[in-house]
Amino acid sequence: MKTPIRLQPLVDDGLVDEVISQLMSGKEATVYMIRCGADIRCAKVYKEAAKRSFKKAAQYQEGRKTKNSRRGRAMEKGSKYGREEQEKAWQNAEIDALYQCAAAKIRVPVPYGCFDGVLLMELITDANGDVAPRLNDVNLTHAQAMSQHHTMMGYIVRMLCAGIVHGDLSEFNVLVDSHGPVIIDLPQAVDASANNNARAMLYRDVNNMTEYYGQFTPELLQTKYAKEMWALYEQGELEPDTALTGLFEDDIDAADIDSVLEEINAAYEDAQFKRERQQAIDNDHYDD
């Protein structure tokens, strides 16, 4: 195929030898299959801020730190330089999260570097060498769904122990190869301790996974993994290998109006988020 403009500099510099095909185009980036020497990889080309449809980006960027005080002030003021630095921070957040997840033994694509808004990384393939399908496109048996759900809960726990909440986890951001699920798309990953929205995002991530796998294993729909995880995390008792039960008893006496309203708002935003996500997926083949 014709080399996209954003990938031409990488071809000129010898980082990419050939652009084979476009894999998908979503709300925040377009992903291409590429060849680097003898290896087939993928290139994620981030869309410019004005062209991204990712809503409420400020919620995800809250708590992200920069070591450069000048850069931090510029980002807060929203100057041209600050907006450029904000874009770099948004892109670098994904590669940082990928390295953190890999170190925590969470299956994610191997990153090979980010160059001018283009992330080069491992192409996840199935047993036949074809591009691995998204979880949304996979039919599961009861046993497979139970096993994968257990794996995903373990990954989310490890992410939380590493101080990360994915923030956009769903059946559309998980690939499935011959070894099981692989988590993708992490530019919006948030700092679990510094972002005030972290708990609500964790709840949404866990519940999205549970609801999806619950189609094949209805008994999962009665579990409360999100509340169990967060309670252990707040108490400092969550470990990477903590064995979860999915059981959690709400403390009715401790309930307050703010918490109730927070859950109502979270449920409303979750429904809106899913509608927008499905619309973005439906437009994948038409969005350039």
Problem - Computed Rg/Rh of region 99-246, alpha carbon atoms with Kirkwood Rh - result: 0.96
Problem - nm² value of the averaged projected area, convex hull over the Cα atoms of region 95-161 - result: 5.8
Completion exercise
Once normalised by the length of region 143-247, the mean sequence separation of its alpha carbon contacts under 8 Å that are 6 or more apart gives a contact order in percent of 32
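Checking the table Lys47/Lys88; Lys27/Lys227; Lys2/Lys88 against a 23 Å threshold on Cα-Cα, which pairs fail? Can you show the working numbers first?
On the way: Lys47/Lys88 12 Å; Lys27/Lys227 29 Å; Lys2/Lys88 26 Å.
Among Lys47/Lys88; Lys27/Lys227; Lys2/Lys88, the Cα-Cα distance tops 23 Å for Lys27/Lys227; Lys2/Lys88.
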Exercise for the section: Describe numerically, in nm with one decimal, the distance between label points set 7 Å from Cα along Cα→Cβ at Lys2 and at Glu48. Expected result: 1.9
Exercise for the section: Can you pull the one-decimal nm distance between simple spin-label points at Glu234 and Thr125, each 7 Å off the Cα toward Cβ? Expected result: 4.7
Exercise for the section: Could you work out how far the C-alpha centroid of region 120-165 sits from that of region 1-49, in angstrom? Expected result: 24
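Every number in this text was worked out from the coordinates using simple rules, so none of it is lab data. Remember, predicted model here, so these are calculated numbers, not experimental data. Every residue, glycine as well, gets a Cβ built from its backbone with ideal geometry; the counts of neighbours run over all protein chains shown.
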